[in-house]
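Here, each number is a calculation from the coordinates, and none is a lab measurement. Just so you know, these numbers come straight off a predicted model, no measurement behind them. Here the Cβ positions follow ideal geometry from the backbone for every residue, glycine too, while neighbour counts run over all protein chains shown.
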Amino acid sequence: MEKAKIYNVIILDKSGSMSSIRKEAVDSVNETLGAIRSVAKKNPECKQYVSVVAFCGCELKNFYTNTIIDEVKNIDANDYTPCCTTPLYDAVGCTITKLHSVMNQEENVTASVTIITDGYENASKEFSGRAVKALIEAYKNEGWMFAYIGADHDVEAVAFSLSIDNTLQFEKTAAGINAMASEFRNAYSSWSEEVGESLCDDTMSKSNKFSLLRAKGRGFFKK
């Protein structure tokens, strides 16, 4: 019987400026999926679910929504066509509020949310930066982990404005994407193993689990 679940969310920018690294961006998502598969095989008691969302001003495209990792295939570059603007706040706000409504019905569960973008917010209509920050702060208090991975802008400043503790900057080259993917894989493997053990600990209260998970989430990219 399953004892714990981790919902993994990848929110990928597909605004026009991502065109120069279209293939590499897809490769980075697939590398992340590979890391989640490896963890799922190593720790079968902790079930891994995946959502992959790509966003631009035209659409919020859901490749997968809360799908168990065994049923998730790598995404194809042919299905990822960058264009137009960057409604980052809307993409994040819509995605995490929907996931939270699902997780509210479950026990021994947490989430990992990874945002990959190469630019600043410039087109949101539903969510403000302040609203997204408030959501992230609330969900971090429930043990969620957030990571902001970016290029060509002040990554740390944007992450700080959204109350995101974990940041990673990458160069928009094949080598830069590969280095970023490798660092994420190592960080995810370590974090998920620790989190899985905490979720499966039946001696801990929910509030204590939340506190422990939040502490582990702050050190995702360990230096």
**Asked** If you go through the stretch 184-201 one residue at a time, do you hit one that is of a type in the set (Ser, Thr, Tyr) and assigned to a loop (DSSP other than H, G, I, E, B)?
**Response** no
**Request:** State all residues of the stretch 60-86 that are touching a Ser or Thr at 6+ places or on another chain (Cβ under 8 Å) and within 20 Å of TYR120 (Cα to Cα); if no residue qualifies, say none.
**Result:** LEU60, PRO82, CYS83, CYS84, THR85, THR86
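Residues checked against (1) under 24 Å from THR117 (Cα atoms); (2) surrounded by 13 or more Cβ atoms within 10 Å (Cβ to Cβ); (3) of a type in the set (Ser, Thr, Tyr):
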position: LEU162; (1), (2), (3): yes, yes, no
position: ASN166; (1), (2), (3): yes, yes, no
position: GLN169; (1), (2), (3): yes, yes, no
position: THR173; (1), (2), (3): yes, yes, yes
position: PHE184; (1), (2), (3): yes, yes, no
position: SER198; (1), (2), (3): no, yes, yes
position: LYS209; (1), (2), (3): no, yes, no
position: LEU212; (1), (2), (3): no, yes, no
position: PHE221; (1), (2), (3): yes, yes, no
**Prompt:** In the set ILE6, ILE21, ILE10, ILE69, which member is surrounded by 14 or more Cβ atoms within 10 Å (Cβ to Cβ) and more than 15 Å from the chain's Cα centre (by Cα)?
**Reply:** ILE21
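With respect to VAL113, is the statement that it is aliphatic (A, V, I, L, M), surrounded by 15 or more Cβ atoms within 10 Å (Cβ to Cβ) and in a helix (DSSP H, G or I) true?
Numbers: aliphatic (A, V, I, L, M): yes; surrounded by 15 or more Cβ atoms within 10 Å (Cβ to Cβ): yes; in a helix (DSSP H, G or I): no.
Considered against the rule, which asks whether it is aliphatic (A, V, I, L, M), surrounded by 15 or more Cβ atoms within 10 Å (Cβ to Cβ) and in a helix (DSSP H, G or I), VAL113 comes out as no.
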